[in-house]
Protein chains: 2
Amino acid sequence: MTYDQDPPRRRFLKAGVAAGAALGASNVAQAALARAPADPQRAVEPFFGEHQAGIVTPQQSHTYVAALDLVTDKRDDVIALLREWTDAAARMTRGETAKPLPADDKVAPDSADVLGLGTSGLTITFGFGPGLFTRDGKDRYGLGQRRPAALVDLPRFNGDQLIPQKTGGDLMIQACANDAQVAFHAVRQLARMGYGAVQMRWGQAGFLAGARDETPRNLMGFKDGTNNPPTADASKMKEFVWASVADAPWMQGGTYTVVRKVRITLEHWDQMELGFQEQVFGREKYSGAPLGKKREFDPVDLDSLDHDGNPLIPENSHVRLSNQASNKGAQILRRSYSYNDGTDFYIERWPPWRQETEYNAGLIFIAHQSDPRSGFIPINEKLAKFDLMNQFTTHVGSAVFACPPGVRQGSFIGAGLFGT
Amino acid sequence: MTYDQDPPRRRFLKAGVAAGAALGASNVAQAALARAPADPQRAVEPFFGEHQAGIVTPQQSHTYVAALDLVTDKRDDVIALLREWTDAAARMTRGETAKPLPADDKVAPDSADVLGLGTSGLTITFGFGPGLFTRDGKDRYGLGQRRPAALVDLPRFNGDQLIPQKTGGDLMIQACANDAQVAFHAVRQLARMGYGAVQMRWGQAGFLAGARDETPRNLMGFKDGTNNPPTADASKMKEFVWASVADAPWMQGGTYTVVRKVRITLEHWDQMELGFQEQVFGREKYSGAPLGKKREFDPVDLDSLDHDGNPLIPENSHVRLSNQASNKGAQILRRSYSYNDGTDFYIERWPPWRQETEYNAGLIFIAHQSDPRSGFIPINEKLAKFDLMNQFTTHVGSAVFACPPGVRQGSFIGAGLFGT
């Protein structure tokens, strides 16, 4: 991060610490052109563009996702906040402070904890929850008529154990970066800016195992995301990820994002036999190949049978139930992270009244799609009922957002929605 | 991680995924020789040696620290577990599975979630809490007489708000690595191995901002660790970090480690003026220089006065109170990490009964010293009473451990304590 206001910057130079991550404007452009730079700390992802970054962007190693509730009744407050956020997000992805620093020793608009760190491939993605359009039947900002039909309230799924304080939210900010502190820093500055207009609803840190050239493994030890539609294939992205224009013209170039906090009973999972774990997933654990195949990217063959005439990929396996062929051709783009919030202590309320400490860890499931009604909802309805994996997973948080298209320089996030 | 047992390995090779992080024995040795390798994912820290790794080792970017309670009454169980842990820890730091994999599809002794990842500079550090020696007045393993005088129970400090489930523990495992998943993986496998003999008491993930060549900044935005005794200075390490032989001969080459979970009210801190924040620390925020000085490593001058004759470094500032000159020359080696466990929702129990979501984030303070009675305890007694920073920090977890010396090949961690 660099500080670009004159007095503080002079102060840095004087103190001899300005070197760090200092990226001049031309360096930034160069860095953005060079895809996949050698040093992940120096990577730069452009903020402006047709689509928001952080959706089809290759996954960075860390995320911080937050949902905020609007507490203002004024449409102009929302617009002002979105303008301010846009400006600050663009600055931070360039490695600058969230706002220019004041010349005096007033309260600084940036916590400075990323000073000296690189841009770290920071992306900041904004989303609009149902509450921006209507809440408790009230159209607070005159946007009710513009709510896309695709931005449905998620139904209750079988087995859902949603915690209200980890669920929903009027606005989403997802920051992803190759450094945990850079990701959290971005959300923290944006949340501060909104005091009075928004308040935090929930925030969640996540991480990704660092194998750069392979599909990352989740905490269950299996590769996660193998069967994703390829982000380099524009026609697939158009079909499965980017919102349909017909539904809500202002969403052209946007997507719908589902976030689920899925707690995993790792202690229990670890006691399962390897063969059983593979039946649950429908894939080999180590190679990632679909059962009956050799390699990770071999096509999933749902028809192949074993010697006894049973399906090689079990009926209730995760791969079969979530496969495109089982879901009328539907696909979603998963971009999930693991989370690790330490441990929880609990006392059983029924015999044998065990007292135990268990991992508070699992998956921040994040999926982008053109329409949740044909994407996440029908797929998860099936999974929630039949997936063998449900013995080991509990959905404890949930949210859905319309992520508007990317921003042109000079405009702001969601400008199309507000008709400005 | 590589899998070295024959059948599973053949399986990998057959599946064509063995490449990944595969490090042959000679590569491992080479990597260990090359200090500070270019790719942090490929770094290797030797497990065996005079001291345990992870104490004076340059900090990796992630940690997972856990404390476990012994639930067995048999001394032999403890010894067997420590032998098993030693073997597994050495294997994992070399990039291998925790144990050799079985030839069949039984329960695997490794969750495989780091398969394909590099060694990532993994270090695993073990510690012995007071409960290994005596608990509830009972000497469970015949070790009571061998408890070092320096392994004191920490006193209650002013302002402590310790949560029992985040405090104490008979055994500590700290894993540090340049990948969050690699660090957690190590603790998870070791904890599993101990089922029946130990149970988890608490576990905590932590991270460090990624500036490789600078003192890292904590979440308050200040550099943390500037005034640490230099780890390259063997005489300073002998004086301040390594345990005195006179106290307990089996601790020669070991150290005493204090862990404190310090929650920080970031929202509150962010509203403070820059000048005030600097008064709290006694340092400039951006440069890290002591107040009145220019550069981070300029010596702290506690005597300099401002125009009005007041100390430039305030009486109640963190730097002054924790400085060696204020503590009879005492120094401790801090090796702390930040933590970020998302957000908590709370309802005030007194007017105005605010309902708010706040960050559950702060510092996993970790400090090594030759004797807590001259190190952490007197320093923190002063800080707990007078430090201006206490307005923003709450200590919610606490533990102290005797970390035994390093292990010779063929021996096991803590062998000296058990007299074997």
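The values are calculated or read from the model by the stated rules, or taken from the named source; none is laboratory data. Small disclaimer: the values here were computed from a predicted structure and weren't measured. Note that each Cβ is placed from the backbone with ideal geometry, even for glycine, and that neighbours are counted across all protein chains shown.
Would you mind telling me which numbered condition in (1) within 12 Å of another protein chain (Cβ to nearest Cβ); (2) on the phi > 0 side of the Ramachandran plot; (3) surrounded by fewer than 14 Cβ atoms within 10 Å (Cβ to Cβ); (4) not hydroxyl-bearing (S, T, Y) B:Q271 fails?
Tallying (1) within 12 Å of another protein chain (Cβ to nearest Cβ); (2) on the phi > 0 side of the Ramachandran plot; (3) surrounded by fewer than 14 Cβ atoms within 10 Å (Cβ to Cβ); (4) not hydroxyl-bearing (S, T, Y), B:Q271 fails exactly one: (2).
Do any residues in the stretch B:229-252 that are touching a residue at least 40 places away in the same chain (Cβ under 8 Å) have Cβ atoms under 9 Å from those of residues that are outside any helix (DSSP H, G or I) and of a type in the set (K, R), where the two are at least six apart or on different chains, and which pairs are they?
Once the first residue is touching a residue at least 40 places away in the same chain (Cβ under 8 Å) and sits in the stretch B:229-252, its partners that are outside any helix (DSSP H, G or I) and of a type in the set (K, R) give B:A248/B:R147.
Among the residues of the stretch B:391-418, what is the count of those that are touching a helix residue (DSSP H, G or I) at 6+ places or on another chain (Cβ under 7 Å) and closer than 30 Å to B:Q271 by Cα?
Selection size over the stretch B:391-418: 3.
Looking at the structure I just gave you, is A:T125 modelled with pLDDT of 95 or more and out of contact with any Lys or Arg (no Cβ under 8 Å at 6 or more places or on another chain)?
So A:T125 fits the description; yes.
Please find, within the stretch A:274-290, the residue that is farthest from the other protein chains (Cβ to nearest Cβ) out of those that are touching a Leu at 6+ places or on another chain (Cβ under 8 Å) and in contact (Cβ under 8 Å) with a residue 12 or more places away in the chain.
Only one residue tops the list, namely A:G282.
Residue by residue, here is whether (1) closer than 30 Å to B:A175 by Cβ; (2) touching a helix residue (DSSP H, G or I) at 6+ places or on another chain (Cβ under 9 Å); (3) not acidic (D, E) holds:
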{"position": "B:N228", "(1), (2), (3)": "yes, no, yes"}
{"position": "B:R263", "(1), (2), (3)": "yes, no, yes"}
{"position": "B:L305", "(1), (2), (3)": "no, no, yes"}
{"position": "B:H318", "(1), (2), (3)": "yes, yes, yes"}
{"position": "B:S322", "(1), (2), (3)": "yes, yes, yes"}
{"position": "B:A325", "(1), (2), (3)": "no, no, yes"}
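Taking interchain pairs and intrachain pairs at least six residues apart, which have beta carbon atoms under 7 angstrom, with the first residue in the stretch A:190-210 and facing another protein chain (nearest Cβ under 9 Å) and the second outside any strand (DSSP E or B) and acidic (D, E)?
A:R192/B:D270; A:A209/B:D113; A:A209/B:D179; A:G210/B:D179
Answer yes or no as to whether B:K293 is of a type in the set (K, R), surrounded by 14 or more Cβ atoms within 10 Å (Cβ to Cβ), in contact with a Pro (Cβ under 8 Å, 6 or more places away or on another chain) and away from chain A (no Cβ under 14 Å).
The answer is no for B:K293.
One residue is enough: does the stretch A:140-150 have a residue meeting the conditions under 30 Å from B:Y337 (Cα atoms) and among the hydroxyl-bearing types (S, T, Y)?
Scanning the stretch A:140-150, I find no residue that is under 30 Å from B:Y337 (Cα atoms) and among the hydroxyl-bearing types (S, T, Y), so the answer is no.
May I ask you to list the residues in the stretch A:125-173 that are assigned to a loop (DSSP other than H, G, I, E, B), hydrophobic (A, V, I, L, M, F, W, C) and under 20 Å from A:G414 (Cα atoms)? Don't jump to the end; show me each part of the working.
Going residue by residue through the stretch A:125-173, those that are assigned to a loop (DSSP other than H, G, I, E, B) are A:129, A:133-134, A:136-137, A:139-143, A:147-163, A:167-170.
Narrowing further to those that are hydrophobic (A, V, I, L, M, F, W, C): A:133, A:143, A:149-152, A:154, A:157, A:162-163.
Residues satisfying the conditions are A:F133, A:L143, A:A149, A:A150, A:L151, A:V152.
Given the criteria surrounded by fewer than 24 Cβ atoms within 10 Å (Cβ to Cβ) and either without any contact (Cβ under 8 Å) to a residue 40 or more places away in the chain or touching a Leu at 6+ places or on another chain (Cβ under 6 Å) (or both), does A:Q165 qualify?
yes
It is to be established whether one or more residues within the stretch B:373-388 are surrounded by fewer than 21 Cβ atoms within 10 Å (Cβ to Cβ), within 18 Å of B:G221 (Cα to Cα) and in contact with a helix residue (DSSP H, G or I) (Cβ under 7 Å, 6 or more places away or on another chain).
Checked the stretch B:373-388: at least one residue is surrounded by fewer than 21 Cβ atoms within 10 Å (Cβ to Cβ), within 18 Å of B:G221 (Cα to Cα) and in contact with a helix residue (DSSP H, G or I) (Cβ under 7 Å, 6 or more places away or on another chain).
Got a sec? Which of B:I366, B:I377 is in contact (Cβ under 8 Å) with a residue 40 or more places away in the chain, closer than 21 Å to B:T226 by Cβ, within 19 Å of the chain's Cα centre (by Cα) and assigned by TED's automatic domain parsing to the domain that holds B:T393?
One residue alone meets the criteria, B:I366.
Would you tally the residues in the stretch B:326-359 being farther than 30 Å from A:K166 by Cβ and either in contact (Cβ under 8 Å) with a residue 24 or more places away in the chain or within 22 Å of the chain's Cα centre (by Cα) (or both)?
The total comes to 9.
Of these, A:T63, A:T119, A:T72, which one is hydroxyl-bearing (S, T, Y), touching a Gly at 6+ places or on another chain (Cβ under 9 Å) and more than 14 Å from chain B (Cβ to nearest Cβ)?
Result of the check over A:T63, A:T119, A:T72: A:T72.
So if I check each of B:E278, B:E273, which one is of a type in the set (D, E), at pLDDT 95 or above and over 30 Å from B:P58 (Cβ atoms)?
B:E273
Within the stretch B:141-161, is there a residue that is of a type in the set (F, W, Y) and within 13 Å of chain A (Cβ to nearest Cβ)?
No, the stretch B:141-161 has no match at all.
Select from the stretch A:89-108 the residues that are buried (at least 17 other Cβ atoms within 10 Å of the Cβ), within 14 Å of chain B (Cβ to nearest Cβ) and either out of contact with any Asp or Glu (no Cβ under 8 Å at 6 or more places or on another chain) or of a type in the set (A, V, I, L, M) (or both) and list them in ascending order.
A:G95, A:A98, A:L101, A:A108
Return yes or no: is A:L132 farther than 30 Å from B:F222 by Cα, of a type in the set (A, V, I, L, M) and in contact with a strand residue (DSSP E or B) (Cβ under 7 Å, 6 or more places away or on another chain)?
Judged against the criteria, A:L132 is a match.
Against the definition (in contact with a helix residue (DSSP H, G or I) (Cβ under 8 Å, 6 or more places away or on another chain) and more than 9 Å from chain A (Cβ to nearest Cβ)), how does B:A243 come out, yes or no?
Here the answer is yes, as B:A243 does meet what is asked.
Is it the case that some residue within the stretch B:243-254 is of a type in the set (A, V, I, L, M), buried (at least 24 other Cβ atoms within 10 Å of the Cβ) and in contact with a His (Cβ under 7 Å, 6 or more places away or on another chain)? Step through it out loud before you land on a result.
To start, the set of residues in the stretch B:243-254 that are of a type in the set (A, V, I, L, M) comprises B:243, B:245-246, B:248, B:251.
Filter again for buried (at least 24 other Cβ atoms within 10 Å of the Cβ), leaving B:243, B:251.
Going one step further and asking which of them are in contact with a His (Cβ under 7 Å, 6 or more places away or on another chain), we end up with none.
No, the stretch B:243-254 contains no residue that is of a type in the set (A, V, I, L, M), buried (at least 24 other Cβ atoms within 10 Å of the Cβ) and in contact with a His (Cβ under 7 Å, 6 or more places away or on another chain).
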